[in-house]
Each structure stands twice: as C-alpha cells, then as structure tokens.
Amino acid sequence: MTLVCVPIAVHDVPTALADAEAARLAGADLVEFRVDAMLPGGVGEAEIGLLRRLCADSPLPAIVTCRAAAEGGAYDGPDDERLALYEHLGTADHPPRYVDLELAAYERSANLRQKAHLAIDWPARRRANAPGLVLSLHDFGGRPADLSRRVARLAEAEAAAVVKVAYRARSIRDNLELLEVPSQTGRPTIALGIGEFGLMSRVLAPKFGGFLTFASLRRGGETAPGQPTIADLLGAYRFRSIGPRTRVYGVVGWPVGHSLSPTLHNAGFERVGHDGVYLPMPLAGAAGEESFAALKATLLEFIEHPRLSFCGASVTIPHKESLARLASAQGWEADEATRATGAANTLVVERDADDAPQRVRVMNTDVPALAASLAEAMGTLAGATVGVIGAGGVGRAAAWGLARAGATVVLYNRDLSRAEEVAAHVNGALRSGGEGRGSADQPAGRVVGASWALLAKSCADAFVNCTPLGMTGGPDPAGAAMTAEAMRGCASLRVVMDTVYAPRVTPLLAAAGACGLRTVGGLDMFVRQAALQFEAWTGRPGPLTLFGALASEAAAAREGSG
C-alpha cells in the first residue's frame, strides 16, 4: 500500500503536534517534520530536547527532515551537527520512523557515510525501532541531466531504507519517467514531480508501486510546489482506490487549474464503480503549430505507454483544433461534429485485455450540449432565429450545431470576413454531411455572417455569447456582448445564453435577467458536455443531476472565496 505523508514545517512543538493530530484525523499514515525551519544556522542542546519531545508525542509515525538549503530547505549549518541531531533522535526511547538525508551530503565524505552507519545503526538496524534512512535527491530547477546515474547511486547505497527522487517537472510527460523509477531501484522508492506539472506522479504513485506520496494539510501549507491537499488526494482523487489497473483520464489544456472537470468525473466514477481517476493535465502551447506539436507528442506517448492505462481526456483551449487535426493525421475515428467544425474536445481510447490501445476516437461534445441547453430553454430550435456572438472555435461549433437542429443562425464577429468564412464553411458542412437534413429528421437551417456593429440593432429569438466577454480572469470581466437597451429593443427575443461559466451569472446574463428574459448559463452546457464524455468513457449515462449539483457547489465556493 502506498502511504500518505503530510509534511509539517516545524516552528514550535505545540503547533506541530496539533497539525500532526489534524493530519491523523484527515487520514494520513505518516507525518514529515520539516525541522530545518527552526534550525537555520545549526543545532543546539535546547533544540535537540524539543525535537525529541516532538517525536515522542507525535500521534503518527514520523519522518524527520532537516533539509539543506542547497536542496530547497532552510538549514545552512554544518553536516556534522545535522547528523548529530539525527543520532540523538535515533537513540531516544521514541525515535522517528525515518530520517531524511540528501544523497549529495551522504556522498560528500567517507567519514560522513561511516557516521551515518554507526549513529543510527544503518543498515544493520541492531535496535528494533532504529530509524530507517530516506536517502533523497532534489532538483528544483528541472530533471537532472545525469538522473539515471544518480538513481543508480541511490539504489546502491547500503544505508538507505527508502530512496527518494524529486525534481521539477517541466511538462506532464516528465511524469512518465518518474512513475517508472520505483521499478528501477529494488527498494522502497518515492518519486515525485515538483510543481503543477508533477501532480500526476503524486496521485498515481499507488498505480506504479511508489512507497509514499506527500499531501499538504491545508492550502498554503505546502512544503514543495504542486502538493495536493490531503482532502483532495483522499477525497477528490480517491487515492486509496487507485491500483495497477486503474484507468487514467484528464483535462488537457492551458490553464486547467480552474477546471471543474476533475470534481465531476471523479465523483461520477465513484458513483458507478468505475476504476478510474481523472486529473488536471496542463499542456502549454499557443494555438497553431506549437499547440499541435505539444499535443501530438504528449497524447501519443500517453496512449502507447504500457502501464499508464490512459483511456481518454477532455481537451480544452488552446488544443481543440489540434486534437481534430491529430485525429485526421493518425487515422482515428471522428464524429460528425468534429468533422464539420474542425475541432474536438474529447479523446476516447479503448484498450484490450492486455491494456494495449485498440480503438482511438475523438468527439465534440460541446456541440450537442450547447444545442440541448438552448433547445430546452426555447422548446425547439427548428425555425428559430439565433444570434451567435463570436466566430471563434466555440462560435463555429454553436453555429453548426444550432443550424443542424433547424435554426437560422446569424453569426456576429468583429472581423466580418471571418464571420462570412465560418458561415460558408458551416453551410458547406451541413450540405455535405446530411443532404440538408438536421439532427431529428428536420431540415437544417443556415448560417449568415454579420458585422459586430449590427449587433446593437439586431433582433432574434435567442442570442448566444461565444466570446470570453464577462469571464472571470478574461480580457474583459465586466464586459457584455449586448446591452439591456439592445435586448429591450428586440420584441422577439426570449432567451439569452452565455457559454462562459465563471462567474455563473455574467454581466450579459445579469442584464438579460433584468429585462425579464430567460437566461441559460454556461454551467448548464458544461455539465451536459461532461455527461456525454463520461458516457463515452464508461459506457454508462452521465449522472446529470450529480454533475449539476457538484458544478454549482464548486462554482459558488470559488466565487465566495474570490
């Protein structure tokens, strides 16, 4: 079983013990007392006494770490004093379970190695409760160029009871190398990526036989960048249920730290008993060739990895068009919405009994989700006139989906030529894709490009905002594509929809509500598209009610904390 360890920066003993008890109650197996914070310049008798009491009174087995400044800690004193501290703790009546020493310090001199063996009985462990040595390697700059040689030296160190490798992950692909380290050492091993790109290595440690993973007690209490909280690790990611056959999914995009998808899908997996875990998978890269190259390298390596069991992903900005392009280049299956819009947001990887990839396909669940959200509010889309604001990827998907359902779509964009280009593409796709038929044996509508300048005087049965106007953290959080005055001037207008879901009530929706119009938030579309993804991965209907409740709770909590 992979253990969960909560690191605690020790400034005083009572607070550290209180945190250790909180860690126990939260479900931790161990605590790591990071004592370098209270010993920046060296170790004295008073400090030794305090730390012996800390170990004696700890409610959980403990690792004691006095991390050197050179490897990200606060201790800048002599190695001999640090080793003397470990000796005093190791010979106490209630010693820690482990002490941590860096490989660089261990290899610095033969004298130090000899003292390590003699001080705490490494490796003979003549005392039954003598601490084990965690021999560690850290690099906050990135992957060490000589990583393989250093791992070999860790594995060959006779004194080490546990070996630890941690370095800053530069991309999510770095996790794959880290996850394989435990199989290379022949002894209990901790292998973790530092930073937001390294989360996968922390959560998937049980799948690859890692000895333990670290999780902070609370947000802001991390001792290294990228540590999840223990509540998220054990709750949201269901760490205790992860095993060698667990299937891996994620949300691929940049940024993805704000995504609600992990909350929804992990809860859904638990609801239906699906052995899967869903993770944020940040993948940087601007749209275009950079996005395509990054996505191709990452997804192909994940799909072909023999032990990862990668079975699918939600793909978001800026990689949706690149996913559709990659599917075409690789000969993967693509649904009608992807072929028509040139964008996909869902990857499905079906694997055989030996866990080898058998069938790969892509989908665009944004399209049916948007159409279903608006259709529910309007009763029907057939014969309706819908103004779609914005001719980017979301606008194009909306235009095709709504026109396919029988609506006449007016596509507004600041660049008129772009709106007309998208309209021509969508109309062509509608003609070639189904001989002018819609989604329910209904004649398809059509799309007309229009200038943004006409929006203030335009009229329709519904308007759909497909721009980032009004989005929290976006270029214009206070912006709205239409004014209340413009809405009041449109006698036929019944529904206003916004694809932005943060905040839940955007400035556009607030203005529409003030006019007495029916509003549809982006959260409804988000939940529907997530349910369609869930069904594609698990073969079971997405739990819409559960997803809706979780999304609303999470969105409300974020807005409240903001």
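The values are calculated or read from the model by the stated rules, or taken from the named source; none is laboratory data. Not measured: the values here are computed from a predicted model. Methodologically, a virtual Cβ is constructed for each residue, glycine included, from the backbone with ideal geometry; neighbour enumeration extends over all protein chains shown. Heads up: the accessible areas ignore ligands, DNA and RNA and are worked out on the full protein's heavy atoms, side chains in. Shrake-Rupley method; radii C 1.70, N 1.55, O 1.52, S 1.80 Å.
Worth pointing out:
- Cα gyration tensor, segment 18-115 - rounded (a/c under 1.5), prolate or oblate: prolate
- Rolling a 1.4 Å probe across the protein heavy atoms gives segment 210-276 an accessible surface of 38 Å² per residue.
- Share of carbon and sulfur in the accessible heavy-atom surface of the chain [1.4 Å probe, %]: 51 percent
- Cα gyration tensor, segment 137-244 - rounded (a/c under 1.5), prolate or oblate: prolate
- Take every pair of alpha-carbon atoms less than 8 Å apart whose residues are at least six positions apart; their mean separation over the length of segment 303-455 yields a relative contact order of 19 percent.
- Using a probe of 1.4 Å on the protein chains alone, the accessible area found for residue 317 is around 110 Å².
- Between residue 18 and residue 245, the modelled label-to-label distance comes to 4.6 nm, taking each label 7 Å out from Cα in the direction of the beta carbon.
- Cα shape, segment 426-562, gyration tensor, a/c 1.5 rule: oblate
- For the chain, with +1 on Lys and Arg beta carbons and -1 on Asp and Glu, the positive-most of 70, 445, 358 along the dipole: 445
- Shown for the chain are the DSSP H helices of 20 Å or more along their axis, judged by Cα atoms, with a mean Kyte-Doolittle hydropathy of at least 0.5: 544-561.
- Each label was represented as a point 7 Å from its Cα along the Cα-to-Cβ direction; for residue 272 and residue 553 these points are 2.0 nm apart.
- The stretch between residue 515 and residue 359, if pulled fully straight at 0.36 nm per residue, gains 51.2 nm over its current Cα-Cα span.
- Diagonalising the gyration tensor over the Cα atoms of segment 162-303 and scaling each eigenvalue by 5 before taking the square root yields semi-axes of 22, 19, 16 Å, largest first.
- Between residue 107 and residue 352, the contour length at 0.36 nm per residue exceeds the alpha carbon distance by 83.6 nm.
- Positive-pole candidate from 505, 22, 206, dipole of the chain, charges at beta carbon: 505
- Identified option (computed Cα extents along the principal axes in Å; candidates (1) 85, 48, 39; (2) 76, 64, 46; (3) 80, 52, 43): (1)
- Taking all Cα pairs closer than 8 Å and separated by 6 or more residues, the relative contact order of segment 310-397 comes to 27 percent.
- Summed over the residues of segment 457-562 and divided among them, the accessible surface reaches 44 Å² per residue at a probe radius of 1.4 Å.
- The residues of segment 139-206 present an accessible area of 35 Å² per residue when probed at 1.4 Å with all protein chains retained.
- By the beta carbon rule, with partners counted only under 4.7 Å, the chain holds these lone Cys residues: 5, 55, 66, 311, 466, 515.
- Selection from 257, 277, 227, by position along the positive dipole direction of segment 220-331 (Cβ): 277
- Relative contact order of the chain: 8 percent, from C-alpha pairs under 8 Å at least 6 residues apart in sequence.
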